[in-house]
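Asks: Here it is, the structure in full.
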Amino acid sequence: MAALPLPALHASHGGCWLREKDLTGLGTRPLSKGEAVMAAADTPLLILNAPLLATRLGYPDLSGLDLLELYAFVHPARFVVPTPKGLAHALGLAEPEGDADVPRLLQEAAGALLDMCENGAWSEREGAWTSLQSLVRMRWPWATLLTGRIRKPERAERWLFTRLPEWEETPEVPQPRQVVLEDEEVLQRLASLTGSTAEQRPGQRAYAVETAHAFAPRERSGRPHVLLAQAGTGIGKTLGYLAPTSLWTEKAGGTVWVSTYTKALQRQLRAESRRAWPERRADGTRPVVVRKGRENYLCLLNLEDALQGGFNGRAAILAQLVARWAAYSQDGDMIGGDLPGWLGTLFRQRGIAALTDRRGECVYAGCPHYRKCFIERATRASVGADLVIGNHALVMVNAARGRDPASRPTRVVFDEGHHVFDAADSTFAAALTGAEAIELRRWVIGPEKASKGRRRGLSARLADVASYDEAGAKAIAAAREAAEALPGDGWMGRIAENAASGPLEELLAAVRATVYARDESGGQEAGYGLETEAASLEGSFVEIAQGARAALAELRQPLIRLGMRLEALLEEPPDWLDGPGRARIEGARHSLTWRVDTLGAWESLLDRMGGPADPEYVDWLAVDRSEAREFDIGIHRRWLDPMKPFAQVVLEPAHGVVMTSATLRDGEDWAKAIARSGAPNIEVMPRLSIHQSPFDYATQAEVLIVTDVPKGDIPALSAAFGRLIETSRGGVLGLFTAIRRLRAVYGRIADRLARGGLPLYAQHVDPIDTGTLVDIFRDDPAASLLGTDALRDGVDVQGDSLRLVVMEQVPWPRPTILHRARRLAGGGSTYDDTLIRAKLAQAFGRLIRSREDRGHFVVLSPAFPSRLLSAFPAGTPIRRVTLEEALQRVAGHAQGATADRAEDSQSLS
Ligand code: SF4
């Protein structure tokens, strides 16, 4: 393998390095940022992750020969951590020995990837030549280097649309048999899943037997078995519930949904399920499928549009690389699946989102790619599956408005069950905002400007219905006319200039004026979003709201009529309505129902403006802003208790539901967990079970409450973070409650740490998606990662890479209008305490993931209330210390760990 003789540039917080083209000549030299920018502007350089490099150099226009783009072309759908070390591992090259050695690696990696294209064993060759021809026309920087290396196939090669297999129709599935699982057989199944050599875990056995109760036959209609099972970290709960799940699906022939909140757990489940089920059954179908919301999957029709001129410039190159990926993808999942999370960020555009079906514009059987569509395939696969791995929101949406009643979840295990409340809160929310309303307008009317894409309005999508059915045609025309009342392109600009047009824009203008007049959150100066409760509204506001409500009703009526016409067509189909046509009309009816429901919710929200508040709901007006830039305006409604609709929609029709997590209870108290399960709303008393973690927290972990870093003192906070990371030699997960403070701390310490060989990454700073950030952190024990909420709960990093968790302060809830209402209803400060303890317990849970893990949990808080200490597992040592003392304790652990590592490597060698 020959390194590619082109200059290569690397920059980190620690400095910049350039290796000249002549590999035997000058070698690698350090240079200033200014010189690096000049060099990059002069000639195309070999680089890794252009957006990240651009951030490090402070030069946003940076471009070059990005190794990640080449990797995405040569090895589509293959995992790589997008760092020099990650690239070296993926290609089997020697890891770079520090920053200065990275340019050498970039040249070798480029050589290896280009060589692969000439290698007969290249497994992703098919389609590459065809794709390259387009990329040459687009002047993709790598295209000239690849031409000549990828030979023209002798016969026309299959590529994306010809290469993808078609899905098969699935027969209707019979209802499951009613079976009772005996304890003994559950334990046997568990033993066979864990393997006879696996250590006996009494906690896991008890947990598996408990979980099996949820699968028992239901005694009364509307009364499912509900189990709340708290299982401490390390119980092995995944296999614990997969044992009875696999046994029940085998004996009963039904489907179980396991629902998660994070993508990390979905990945883990997919891997663990292989112990219980084969990849494919004898008939070729899959017993285990992963289901996500349709907005996660690639829409082939959108991709085709993008490839045929819908995307320009860099976005067109992205479309080509996505097409390469789609031909090799396992399931077409673009978000958290096998599409590299970093691919979208390389192109600094919203290209990935535009390739999914976010707006419900699918034309179903009217689409030329319908039989190959990833979404349709996933939907069908889940009908006959034993195990469907989904997420909380999807389970709720499917239960509420699943296209096919047979595919609605009736046995569900909610893992990460402490998040069910939040998921229900968003799923059952209503928001009448400008962004939502303009989407509805486009769905009905179509895009305003001539657009190259395929987006079309209702009349174009249902042209055949309109020409056949007069009443249907009239309904479409009426809907089209009524939708003119919704906000159109440029609505925010018009509102800012006092030139609102139409009843909905007038409403949004009134919302904005009221919010600016009343908001006292302090967000105005800080640039945050603003809000005010929907109370004591003026007469003029109420009048405008009523006008908007009437306009929405004008739109809802014809949509209802159209839905009825479609229904009639399906019941008495005309001759021309073939199978695909029928599927398309069913699809249209389904999306109509959804829009009609949304309009109904908006109308009832507006109806209540000016009237008495409904105690079931919390309503408020908001202007959404990011760094003082407004991006949406609207009225929001949440259920005071979202578990009420959850209970009706999800629990009541179900037969068995398990909610499980390491942090369900608040300390020893079950009362709040029971209330938050929703079960009391359908008069079901859940079965309760608790399984203590087998970890020895007394020796594995220590909580340090640092009392001498003043709250709000950014220099002191930054210094504390910097010293903790240095003392621990990386391996730190830093958790913040405010992005502003995270950025300030990062800006003060990142350069210094990098110069000491301790790379620091941060959410909201680095142009890298969160999943990739965690991959990078996991891959490098010297790295540290700063982040906010998503990291508090979604990080599962075992072993040495995570040794210290630092929370910048007690995670007090944000005092929003919604929070205030729930706090009032939930017991005031005790409600807050429960929330805070839950957050602390979740954050602590990141630290110890296996029996071998050791580490410290630090909270920087001069006044940490003792009543919150019960958040930590019993037996965990807790000390209130100064920063100096904390550093000493962390140093002691860091030395021990270094010694252990040295010992390990000696015994290995
Ligand atoms: S069937 Fe719908 S989602 Fe699938 S490719 Fe066609 S338009 Fe896209």
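The values are calculated or read from the model by the stated rules, or taken from the named source; none is laboratory data. Quick caveat, the model's predicted, so the values are computed rather than measured. FYI the Cβ positions are ideal-geometry reconstructions off the backbone, even for glycines, and counts take in every protein chain you see. Remember, those area values only see protein heavy atoms, side chains included, never the ligands or the DNA or RNA. Shrake-Rupley method; radii C 1.70, N 1.55, O 1.52, S 1.80 Å.
Asks: On a full-extension model of 0.36 nm per residue, what is the gain between T43 and A353, subtracting their alpha-carbon distance, rounded to one decimal in nm? It would help to have the intermediate numbers written out before the result.
Replies: Numbers: separation 310, 0.36 × 310 = 111.60 nm, distance 3.21 nm.
In short, 108.4 nm is gained.
Asks: Oh, and also: Mind putting a number on the dipole of segment 237-290 about its Cα centre? Charges go on the C-beta only, +1 for Lys and Arg and -1 for Asp and Glu, and I need it in Debye to the nearest 20. Don't skip to the answer; put the middle values down first.
Replies: Numbers: 10 positive and 4 negative charges, 36 e Å.
Charge dipole of segment 237-290: 180 debye, to the nearest 20.
Asks: Moving to a separate point now. For the peptides 879-891, 853-865, what is the packing order when you average, over each peptide's residues, the other Cβ atoms within 10 Å and list the highest mean first? Before the final figure, lay out the partial values.
Replies: On the way: 879-891: 17.0, 853-865: 19.6.
Top to bottom by mean Cβ count within 10 Å: 853-865, 879-891.
Asks: A further question on this structure: Measuring from the lowest to the highest alpha carbon on each principal axis, how far does segment 699-744 reach, largest first, in angstroms?
Replies: Each principal axis gives a Cα extent; for segment 699-744 these are 35, 21, 18 Å.
Asks: Which entries in K237/K263; K263/K839; K263/K292; K644/K672; K644/K839; K672/K839 show an alpha-carbon gap greater than 21 Å? Spell out each step's value before the answer.
Replies: Numbers: K237/K263 17 Å; K263/K839 19 Å; K263/K292 10 Å; K644/K672 15 Å; K644/K839 23 Å; K672/K839 15 Å.
Table pairs above 21 Å Cα-Cα are K644/K839.
Asks: Per residue, how much accessible area does the chain have with a 1.4 Å probe, in Å²?
Replies: Value returned for the chain: 42 Å² of accessible area per residue.
Asks: If you don't mind, another one. I'd like the per residue volume of the convex hull spanned by the Cα atoms of segment 257-383, given in cubic angstrom.
Replies: Values: hull volume 15.3 nm³, N = 127.
Measuring per residue, one finds 121 Å³ for the Cα hull of segment 257-383.
Asks: Next question, about the same structure. What is the distance in Å between the Cα centroid of segment 78-133 and that of segment 460-486?
Replies: 53
Asks: At q = 0.06, 0.08, 0.09 Å⁻¹, work out log10 I(q)/I(0) for the chain with the Debye formula, treating every Cα as an identical point scatterer and leaving solvent out; two decimals please.
Replies: -0.46, -0.86, -1.12
Asks: Also: Please work out the FRET efficiency for the pair A790 and S123, using the Cβ-Cβ distance as r and a Förster radius of 41 Å; give the result to the nearest 0.05. List each step's numbers first, then the result.
Replies: Numbers: r = 34 Å, r/R0 = 0.83.
Computed FRET efficiency for A790 and S123 comes out at 0.75.
Asks: If I model a spin label at E279 and R880 as a point 7 Å from the Cα along the Cα→Cβ vector, what separation in nanometres do I get?
Replies: My value for the distance between the label points is 5.8 nm.
Asks: Ok, one more. With a point put 7 Å past each Cα toward its Cβ, work out how far E154 is from R220 in nm, to one decimal.
Replies: About 7.4 nm, to one decimal.
Asks: Just the number, please: percent antiparallel of the DSSP beta bridges in the chain, rounded to the nearest 5. Walk me through the numbers on the way to the answer.
Replies: On the way: 31 of 85 bridges.
Counting DSSP beta bridges with both partners in the chain, the antiparallel share is about 35 percent.
Asks: What whole-number distance in Å separates the alpha-carbon centres of segment 777-805 and segment 659-730?
Replies: Between the Cα centre of segment 777-805 and that of segment 659-730, the gap is 16 Å.
Asks: Go through Y241, P103, A479 and say which Cα lies farthest out towards the positive end of the charge dipole of the chain; charges sit on Cβ, +1 for Lys and Arg, -1 for Asp and Glu.
Replies: With unit charges placed on the Cβ atoms, the residue in question is P103.
Asks: Test of the criteria: in segment 161-213, which trypsin sites (Lys or Arg not before Pro) are in a DSSP loop and have at most 12 other Cβ atoms within 10 angstrom of their Cβ?
Replies: Working: sites: R163, R177, R189, R205; in loops: R177.
Hits after loop and neighbour filter: R177.
Asks: If you average the alpha carbon positions of segment 174-235 and of segment 360-430, how far apart do those two centres end up, in angstrom?
Replies: Centre-to-centre (Cα) distance: 24 Å.
Asks: I've got another one for you. Would you calculate the volume per residue, in Å³, of the smallest convex hull containing every Cα atom of segment 720-859? Don't skip to the end; give the middle numbers.
Replies: Numbers: hull volume 15.2 nm³, N = 140.
Per residue, the Cα convex hull of segment 720-859 comes to 109 Å³.
Asks: Now a separate question. Residue-wise, which Karplus ³J(HN,Hα) couplings in Hz belong to segment 714-721, taking 6.51 cos²θ - 1.76 cosθ + 1.60, θ = phi - 60°, and x for glycine or proline?
Replies: Along segment 714-721, the couplings run 4, x, 5, 5, 5, 4, 4, 4 Hz.
Asks: Taking R0 as 60 Å, what's the FRET efficiency between D183 and T162 from their Cβ-Cβ distance, rounded to 0.05? Intermediate results must be reported in sequence, preceding the final value.
Replies: On the way: r = 53 Å, r/R0 = 0.88.
Once the sixth-power term is evaluated, E becomes 0.70.
Asks: Please list 365-372, 811-818 highest first by mean number of surrounding beta-carbon atoms within 10 Å per residue.
Replies: Working: 365-372: 18.0, 811-818: 15.8.
In descending order of packing, they fall as 365-372, 811-818.
Asks: Right, something else. Taking Cα atoms of segment 595-716, Rg/Rh with Kirkwood Rh, to two decimals? The partial results should precede the final answer.
Replies: Working: Rg = 21.8 Å, Rh = 19.7 Å.
In segment 595-716, Rg relative to Rh is 1.11.
Asks: For segment 168-231, what does the alpha-carbon gyration tensor say about shape, rounded, prolate or oblate, given a ≥ b ≥ c as the root eigenvalues, a/c under 1.5 as rounded, and a/b over b/c as prolate?
Replies: Values: a/c = 2.50, a/b = 1.44, b/c = 1.74.
It comes out oblate by the Cα gyration axes.
Asks: A follow-up question, please. Convex hull over the Cα atoms of segment 565-632, averaged projected area in nm²?
Replies: On the way: hull surface 33.8 nm².
For segment 565-632, averaging the hull's shadow over all directions gives 8.4 nm².
Asks: Moving to a separate point now. Express the carbon and sulfur contribution to the solvent-accessible surface of the chain as a percent, rounded to the nearest whole number, probe 1.4 angstrom. Can you show the working numbers first?
Replies: On the way: 19370 of 38570 Å².
Its accessible area is 50 percent carbon and sulfur atoms.
Asks: Quickly estimate the mean residue ellipticity at 222 nm for the chain, helices only: each DSSP H run with n ≥ 4 gives -39500 (n - 2.57), and the total goes over all residues, rounded to 500. Mind showing how you got there, number by number?
Replies: Working: 38 runs with 414 residues, N = 909.
Only helices count here, giving -13500 deg cm²/dmol.
Asks: Still on this structure: Place the peptides 519-525, 569-575, 32-38, 732-738 in order of packing, highest mean first, counting for every residue the other Cβ atoms within 10 Å and averaging per peptide. All intermediate terms of the calculation are to be shown ahead of the outcome.
Replies: Working: 519-525: 12.7, 569-575: 10.7, 32-38: 15.0, 732-738: 23.4.
So the peptides 519-525, 569-575, 32-38, 732-738, ranked by packing, come out 732-738, 32-38, 519-525, 569-575.
Asks: Rg(Cα) of segment 60-143 divided by 2.2 N^0.38 Å? Write out the running numbers ahead of the final one.
Replies: Numbers: Rg = 13.4 Å, N = 84, 2.2 N^0.38 = 11.8 Å.
It is 1.13.
Asks: Round to the nearest 0.05 the FRET efficiency obtained for A738 and E543 when R0 = 30 Å and r is the Cβ-Cβ distance. Please list the in-between numbers first.
Replies: Numbers: r = 39 Å, r/R0 = 1.30.
Rounded to the nearest 0.05, the efficiency is 0.15.
Asks: Additional query: Show the residues, 5+ positions off or on another chain, whose built amide H is closer than 5 Å to the amide H of L65.
Replies: L45, L46, I47
Asks: On average over all directions, what projected area in square nanometres does segment 1-68 have, based on the convex hull of its Cα atoms? Intermediate values should be presented prior to the final figure.
Replies: On the way: hull surface 18.1 nm².
Mean shadow area of the hull around the Cα atoms is 4.5 nm².
Asks: Here is a follow-up. Given the alpha-carbon gyration tensor of segment 659-741, what are the semi-axes of its equivalent ellipsoid in whole angstrom, ordered largest first, with each equal to the square root of 5 times an eigenvalue? All intermediate terms of the calculation are to be shown ahead of the outcome.
Replies: Values: eigenvalues 284, 70, 24 Å².
Over the Cα atoms of segment 659-741, the ellipsoid semi-axes are 38, 19, 11 Å.
Asks: With all distinct Cα pairs included, what does the Kirkwood hydrodynamic radius of segment 1-125 come out to in Å, to one decimal, could you say?
Replies: Numbers: mean 1/r = 0.0687 Å⁻¹.
One over the average 1/r among Cα pairs gives 14.6 Å for segment 1-125.
Asks: From the convex hull of the Cα coordinates of segment 158-286, what is the mean projected area in square nanometres? Before the final figure, lay out each step's value.
Replies: Working: hull surface 44.9 nm².
Projected over every direction and averaged, the Cα hull of segment 158-286 covers 11.2 nm².
Asks: Zone of T144 (label point 7 Å along Cα→Cβ, backbone N under 19 Å): which residues in segment 30-59?
Replies: Within reach of a label on T144, which here means backbone N under 19 Å from a point 7 Å along Cα→Cβ, segment 30-59 contributes 39-47.
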